[in-house]
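The values are calculated or read from the model by the stated rules, or taken from the named source; none is laboratory data. Note that this is a predicted model, so its numbers are computed, not measured. Counting neighbours? That spans all protein chains shown, and the Cβs are built from the backbone with ideal geometry, glycine included.
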Amino acid sequence: MTKAERESLISSIEYLADLIAAERGSDFVDAMFKRLGVKTIYTIPSCDLWEVYGEFHQAEADLR
């Protein structure tokens with residue numbers, strides 16, 4: 001994964017987290033990160049970024 005790809009995924013996760021927090025609250029987002037074993041978004045191993053993105057993408061889709 002290139003640095004640009006990593007930064008893009010992190011930005012996408014941040015965006016989705018903001019959307020979810022606006023609807024469900026920041027505690028919900030914090031719980032998602034905790035369940036996924038994420039302490040900070042910037043320390044997510046590159047091999048796990050797509051999984052974290054997928055979880056947040058699905059959670060945001062469930063809001064609709």
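Taking region 46-61, which residues are over 12 Å from the mean Cα position of the chain (by Cα) and surrounded by 10 or more Cβ atoms within 10 Å (Cβ to Cβ)? Residue satisfying the conditions is Ser46 alone. Across region 5-35, the qualifying residues are those that are of a type in the set (A, V, I, L, M) and under 17 Å from Cys47 (Cβ atoms), and the one among them that is surrounded by the fewest Cβ atoms within 10 Å (Cβ to Cβ) is Ile10. The lone criterion from (1) loosely packed, with under 13 Cβ neighbours inside 10 Å; (2) modelled with pLDDT of 95 or more left unmet by Tyr42 is number (2). Is there a residue being in contact (Cβ under 8 Å) with a residue 12 or more places away in the chain and over 16 Å from Met1 (Cα atoms) anywhere in region 49-56? Yes, some residue in region 49-56 is in contact (Cβ under 8 Å) with a residue 12 or more places away in the chain and over 16 Å from Met1 (Cα atoms).
What do you reckon, is Ser12 of a type in the set (Ser, Thr, Tyr) and more than 9 Å from the chain's Cα centre (by Cα)? Here the answer is no, as Ser12 does not meet what is asked. Restricting attention to region 30-46, the residues that are among the hydrophobic types (A, V, I, L, M, F, W, C), farther than 11 Å from Ile13 by Cα and without any contact (Cβ under 8 Å) to a residue 24 or more places away in the chain add up to 3.
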